[in-house]
1. Would it be correct to say that residue A:43 is closer than 30 Å to residue B:49 by Cα and either surrounded by 14 or more Cβ atoms within 10 Å (Cβ to Cβ) or within 25 Å of the chain's Cα centre (by Cα) (or both)?
2. Output the number of the condition that residue A:340 fails; it satisfies all remaining conditions of (1) without any contact (Cβ under 8 Å) to a residue 24 or more places away in the chain; (2) surrounded by 19 or more Cβ atoms within 10 Å (Cβ to Cβ); (3) not hydroxyl-bearing (Ser, Thr, Tyr).
3. Quick check on segment A:160-169: of everything there that is more than 12 Å from residue A:102 (Cβ to Cβ) and buried (at least 24 other Cβ atoms within 10 Å of the Cβ), which residue is farthest from the other protein chains (Cβ to nearest Cβ)?
4. Report whether or not residue A:135 is within 14 Å of chain B (Cβ to nearest Cβ), touching a residue at least 24 places away in the same chain (Cβ under 8 Å), of a type in the set (Val, Ile, Thr) and out of contact with any strand residue (DSSP E or B) (no Cβ under 6 Å at 6 or more places or on another chain).
5. Please verify whether residue A:145 is assigned to a helix (DSSP H, G or I), more than 14 Å from chain B (Cβ to nearest Cβ) and crowded, with 23+ Cβ neighbours inside 10 Å, treating the condition exactly as stated.
6. Tell me, please, whether a residue that is within 14 Å of another protein chain (Cβ to nearest Cβ) and either out of contact with any strand residue (DSSP E or B) (no Cβ under 7 Å at 6 or more places or on another chain) or surrounded by fewer than 22 Cβ atoms within 10 Å (Cβ to Cβ) (or both) can be found in segment A:199-210.
7. If you go through segment A:116-132, how many residues are of a type in the set (A, V, I, L, M, F, W, C) and farther than 13 Å from residue A:198 by Cα?
8. In this structure, is residue A:21 farther than 22 Å from residue A:289 by Cα, away from chain B (no Cβ under 14 Å) and aliphatic (A, V, I, L, M)?
Amino acid sequence: MSPLKDNSIFSWTYESVANTLGGPEWLAYGLGAMAVIMVVVNGFLLIGTIFTWMERKVVSRFQSRVGPNRVGPFGILQAIADAVKLLFQEDIVPRRADRLLFNAAPIVMLAPSLLALAVIPFGSGSYVADINIAVLYVVGMSGIASLAVLMAGYSSGNKLALLGSMRAVAMLLSYEIPLVMALLGITILAGSMSMVDIIEAQSVPFLLVSPLGALIFLIAMSAELNRPPFDVTEAESELVGGYLTEYSGMKFGVFYLAEFSNVVLAGALFAILFLDGWEWAVLPSHLWFLIKVFGFLFVASWVRATLPRMRIDHILAFAWKYLFPLSLVNVVALAMETIAWPDPSPVQLWMMIAINWGIAFTAIPLMSLVTNLGTPARAGQRVVQTEEVN
Amino acid sequence: MENAFKEFAFWSLAVVTVLGAFGVVRTHNMFRAALLLVVSFVGVAGIFALVNAEFLAVVQLLVYAGGVAVLVIFAAMITSNVTESNSSTRAQPFAVLVSLLLLSALVFSVVQAEWSLLPDVLPEPLAAVFVDTPAAIGRLLLDQFLLPFEIAGVLLLAAVIGALSLVRER
């Protein structure tokens, strides 16, 4: 339950404080725990910062541009230069703002994603806590971000910020359901909600076993992260900057950092739940984990560079009419397979994989035929109707 | 040392919970009141976690802080005069009466209940619950409490159908 005591950083700090300096036990315990938290949080934020540079670079290559290339080799220090710029910017608070909530919102945005790190295993044996409800815990933490969005939108005292935050929260709440359903499928397959158990249960990566679940997770996650094609909250053409409109300086910087670190967190989740976490051959486990996370991050940048933004009503309709039924199909199929083969042999596992891919390839086109979302014909009918009303 | 830490954690969580709840009724800004409600919910989740009910703690966060509170805030934002309402109304004496009745009922049941401490070494069915709470809760829901579980499901289905019929395009 508590691997903290087995952690080498923890035990080194603990012993050096307790034995060498002769401090009391609680001080050694506290400092040891602090050392672990420092390493985990700063390492995570560092990867988030690297991702801001990586995404700018990748997206610019997709658009035949060069991207940041002035600060440091290949522009890798660009993120630091940006942070310094933001630090020296004037801290503007609108006169109509609710000052306390306005200042607290960035903290409420960043804190949950750092708290969620507690249950993420970064390599074999290196995690802060292995609790038996880890998956649910991460979802609970990401739910708090919607509060931060509402706080930011309301406290800015700006119509567009308020509208942006309302849209964002409607979207976050809608996409939380398919996301949780996709995670439920994984929980059924692994028979546990602990991250370590889930990784150990994957004799074949769950990406192969549950392709539909992985797809639903990817789509719902990019909505939860406010990333294109779901970035209506920051739809520049409609809402200026959504709930971020009034933010400047380092407060904006914290929002920006939280946004990018959340993508890294999502990548870590995807690597754990669908790509067998740290496990693979030859290379050390931490390196494999990083490679998988950066693979996810590259796909995320790819999606950002490729897909155009969706309209808010289409986004909500897509969540409720398309993704939600599809996620139900996924959960029912996985539950039935788990009942049929509670402890699958390799042959049964491959049969399961074949069935699930079959379900995915029939359910996805079938659902798009049934739901008929935003097809040209329907959009045309809408236009005719509104003209008649006018 | 562990006990001292638990004591400290309990009291700080209790203070946060009660102060948050007090703030909900005292502050005049409805938006801030809703956020203070979240603070109170988080405090309760912390107390759940402190007594080894991690599943309840996370569900408390997920359902109350993530779901109920956001709905409350939505409702508060749609009402007019968010910042200056919460004024006195004619129903105030009645509200005071109801709250006092509720408080006395709660205090009465807490005082009257026979609280028994669990033994240090737990008997077999209980020990399993503390190791794997979600599985134990799931088994109880689908076994001993199947009927209430199904009734709750039917109730939710009725609510969904009601919501759909309200927003149906005509």
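The values are calculated or read from the model by the stated rules, or taken from the named source; none is laboratory data. Predicted, not measured: the structure shown is a model, and the values here were computed from it. All Cβ positions, glycine included, derive from the backbone under ideal geometry; neighbour counts span all protein chains shown.
1. Details: closer than 30 Å to residue B:49 by Cα: yes; either surrounded by 14 or more Cβ atoms within 10 Å (Cβ to Cβ) or within 25 Å of the chain's Cα centre (by Cα) (or both): yes.
In short, yes.
2. It fails just one condition, (2).
3. A:164
4. yes
5. It is false that residue A:145 is assigned to a helix (DSSP H, G or I), more than 14 Å from chain B (Cβ to nearest Cβ) and crowded, with 23+ Cβ neighbours inside 10 Å.
6. For segment A:199-210, residues within 14 Å of another protein chain (Cβ to nearest Cβ) and either out of contact with any strand residue (DSSP E or B) (no Cβ under 7 Å at 6 or more places or on another chain) or surrounded by fewer than 22 Cβ atoms within 10 Å (Cβ to Cβ) (or both): absent.
7. Total satisfying the criteria: 6.
8. Taking the combined requirement at face value, the residue satisfies it.
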